[in-house]
Amino acid sequence: MKLSMLKIVVALLALNFISCFVYLSSHPDFHLFRHDRRLTADKQSPPETRRNSTPEVHIQHHVLKPWPILPSYLPWSQNPNVSLGTCEAYFGNGFTRRIDLLKSRGKGSGSGGWFRCHYSDTLRSSICEGGRVRMWPEKISMSRGGEKLREVIGRGEEVELPDFEPGAFDVDGGGEVRVWERGKKLVVDDRLDEFVPQGQIMRHTMRELIGSIRVAGGKEFECHQWVEEPAILVTRFEYANLFHTITDWYSSYVASRVTGLPYRPHLVFVDGHCETQLEETWRALFSSLRYAKNFSGPVCFRHAIIVPLGYETPLFKGLTESIECEGASAQDLWQNPNERKTARLSEFGEMIRAAFGFPVDRHHLKRSFSGHNVLFVRREDYLAHPRHGGKVESRLSNEQEVFDAIKAWLPDDLHCPVNLVNGLFAHMSMKEQLRAIQDASVIIGAHGAGLTHIVSAVPKTVILEIISSEYRRPHFQLIAQWKGLEYHSIDLAGSYADPPEVVHRLHSILKTLGC
């Protein structure tokens, strides 16, 4: 067993080394700057612009967070043979069609930047990236973002979403860019339909951002600040809702992997939302976090990645289209590839746990309780965002009665130790919530965003969802299916659950666990 684990670790280290090499060899500008990050603005600018250059501030980040070793990791290589509609096309690297919108003109300070997109025919979405990309915060109309919730009570959502002026972003066209090319659109609107289609999204901010990009002449490409390492640009909509935030986490993770980043990137929110509890996980997942409007003056990125909206992930698309995938272990898929099975969602869940320092090796998981934890995920009143009244809509009208019934029953009728955990997530840190999920043998709760945490549940966790008649939606059944978790549901005629029935279903599940 130890020899087998050693081989897996060595293989993962080798894959990490290969990904670093591929990244450095495939991004034309990046290696030039990593070895000379102490250059002044004067030395980096073309000779003809040095006299009038504004001194640049280089944002030096000494350490980027490494990618953790994940048991469910499989390579994210650019495989053009990924078939349309397969599990890998949905959950992994189905972004196989590359569109070059601006190619680098060579090497050196006058070579300019580059920009390209990777399109997925399955998701009908793109991951876009560019080198020497400049952002003008003053050309993005939105609130500053990152404020404390209590400071912005009542603020409208429309002022928190970005409105891009032409040229809010531009890319260095190089020292030899022709006069007529300067200031032109990087891509015309009609062509955007090819790789960033509007679809059913009423306000497609990624499409609007790319539509704002202009080509700048090399002599005009001056920056007040440089972000030297890769940075992902993310716009969120339902940013205070865990389900929708997890779709954003997943999209950001996939974009980082597809573009071959050797380390976890910096994160820039291109929105003006206030601070929420969920930022704890954003900060854990990525190397740093900053809001676009917190920059002053033009800021330039050596390598910027524009992340697709969470609405374009399989987690969201699966609510309206059939994604016939089953969860499987990476080891099984490595030995027996199957287009209808995936380990990607398990990989993502391990990434979240590893980001908080929790163990992810299934052979060395240490639970805080020697028996079985039954986690009851509760729905509580809390203030979620500036337009929220603090009251959470009930999905289970007698939730406390059900919880009390389970608590009263547990000590009497079992053959193994069982601990009932009161999952008051609204009053727990994200790390505490994650620990409760990891330690659970059974997760039970009414349909609600808190159950989305099951993406981080360990193998063999059992899910029991209580579904009211008004919320018969497949969110958590699908996540359980895509992770390969055992799933059960109790469908209610209204919103009232019969406590003895819930106890009976839970008892049956615990029997299968040896109780």
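The values are calculated or read from the model by the stated rules, or taken from the named source; none is laboratory data. These figures come from a predicted structure and were not determined experimentally. Cβ: placed from backbone, ideal geometry, glycine included. Neighbour counts: every protein chain shown. With ligands, DNA and RNA removed, areas are computed over all heavy atoms of the protein, side chains included. Shrake-Rupley method; radii C 1.70, N 1.55, O 1.52, S 1.80 Å.
For VAL462, the residues whose modelled amide H falls within less than 5 Å of its own, excluding neighbours fewer than 5 places apart on the same chain, are VAL442, ILE443.
Would you mind calculating the relative contact order of region 358-513 from Cα pairs under 8 angstrom and at least 6 residues apart, reporting the percent as a whole number? Don't jump to the answer; show the numbers that get you there.
On the way: 243 pairs, mean separation 41.3, N = 156.
Contact order relative to length: 26 percent.
Taking the Cα centroid of region 216-280 and of region 111-143, what is the distance between the two, rounded to the nearest whole Å? Comparing the Cα centres of region 216-280 and region 111-143, I get a distance of 11 Å. Kirkwood radius for region 358-513, taken over all pairs of different Cα atoms as the inverse mean of 1/r, rounds to 16.1 Å. Taking all protein chains together and rolling a 1.4 Å probe, CYS416 ends up with roughly 30 Å² accessible.
Sort region 429-515 into rounded, prolate or oblate with this rule: let a ≥ b ≥ c be the square roots of the eigenvalues of the Cα gyration tensor; rounded if a/c is under 1.5, and if a/c is not under 1.5, prolate when a/b is larger than b/c, oblate otherwise. Oblate.
Expressed as a whole percentage, what fraction of the accessible surface of region 87-318 belongs to carbon and sulfur atoms when a 1.4 Å probe is rolled over the protein heavy atoms?
Using a 1.4 Å probe with all protein chains present, region 87-318 comes out at 48 percent carbon and sulfur.
Ignoring ligands, DNA and RNA, what accessible area per residue does region 87-318 give at 1.4 Å, in Å²?
On the way: 7530 Å² over 232 residues.
Using a 1.4 Å probe on heavy atoms only, each residue of region 87-318 averages 32 Å².
Sorted largest first by accessible area at a 1.4 angstrom probe radius, with every protein chain in place, the residues VAL377, VAL188 fall in the order VAL188, VAL377. Taking only protein heavy atoms and a 1.4 Å probe, the accessible area of region 358-513 is 49% carbon and sulfur.
The magnitude of the dipole of region 358-513, with charges of +1 and -1 set on the Cβ of Lys/Arg and Asp/Glu and taken from the Cα centre, is near 620 debye.
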